[in-house]
Amino acid sequence: MSTLSFEATLNLPFDSAIEKTTECLKAEGFGVLTRIDFDQKIKEKLGHTLPKTAILGACNPGFAYEAYSKTPDMLLLVPCNVVVEDAGSSRSKIRLIKPSSMVKTLNSPDLVKMAEQIDAVLERVSKAITTGGAK
């Protein structure tokens, strides 16, 4: 188990995995603010070929505002990144950042405690992705 992220593997092709991940995030109050097609950018800029890989910038406005209220520096750490990667054979790997792994650098015990609560929400998202939640 990673200390940086929650991980899930789906028996879904890449585009379907992005849709399902987005739906599961939405069910927990997160929206996807950004999408970076990492593989395409690397191909365009460096000429290297990678499996389809997207970085989704997910944000829950309520959590973001509460964290901002504790310290404006937390804006340097949002949105929460979610990586969806084509794992081949119509399978996809999803990794969701653990906010608690990021906020420790801000030396704010209140923010760490809050981030641990958000970890629990994103862990639910990870489980929903693999168990058929949020259709």
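The values are calculated or read from the model by the stated rules, or taken from the named source; none is laboratory data. All values derive from a computational prediction rather than experimental measurement. Cβ placement follows ideal geometry from the backbone for every residue including glycine, while neighbour counts extend to all protein chains displayed.
Laid out as a table, the results:
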| item | result |
| --- | --- |
| Residue in region 123-133 that is of a type in the set (Asp, Glu), without any contact (Cβ under 8 Å) to a residue 40 or more places away in the chain, out of contact with any Asp or Glu (no Cβ under 7 Å at 6 or more places or on another chain) and surrounded by fewer than 20 Cβ atoms within 10 Å (Cβ to Cβ) present | no |
| Thr34, sole failed condition from (1) at pLDDT 95 or above; (2) within 17 Å of Ala58 (Cβ to Cβ); (3) surrounded by 14 or more Cβ atoms within 10 Å (Cβ to Cβ) | (3) |
| Failed criterion for Ser108 (all others in (1) touching a strand residue (DSSP E or B) at 6+ places or on another chain (Cβ under 9 Å); (2) crowded, with 17+ Cβ neighbours inside 10 Å hold) | (1) |
| Those residues of region 1-30 which are in contact with a helix residue (DSSP H, G or I) (Cβ under 8 Å, 6 or more places away or on another chain), over 19 Å from Val103 (Cα atoms) and either among the polar types (S, T, N, Q) or part of a strand (DSSP E or B) (or both), in sequence order | Glu7, Ala8, Thr9, Leu10, Thr21 |
| Scan of region 101-135 for residues that are closer than 27 Å to Asp39 by Cα, polar (S, T, N, Q) and out of contact with any Ser or Thr (no Cβ under 8 Å at 6 or more places or on another chain), ordered by number | Ser126 |
| Region 67-82, residues that are of a type outside the set (Ser, Thr, Tyr) and under 14 Å from Leu106 (Cβ atoms) | Ala67, Lys70, Pro72, Asp73, Met74, Leu75, Leu76, Leu77, Val78 |
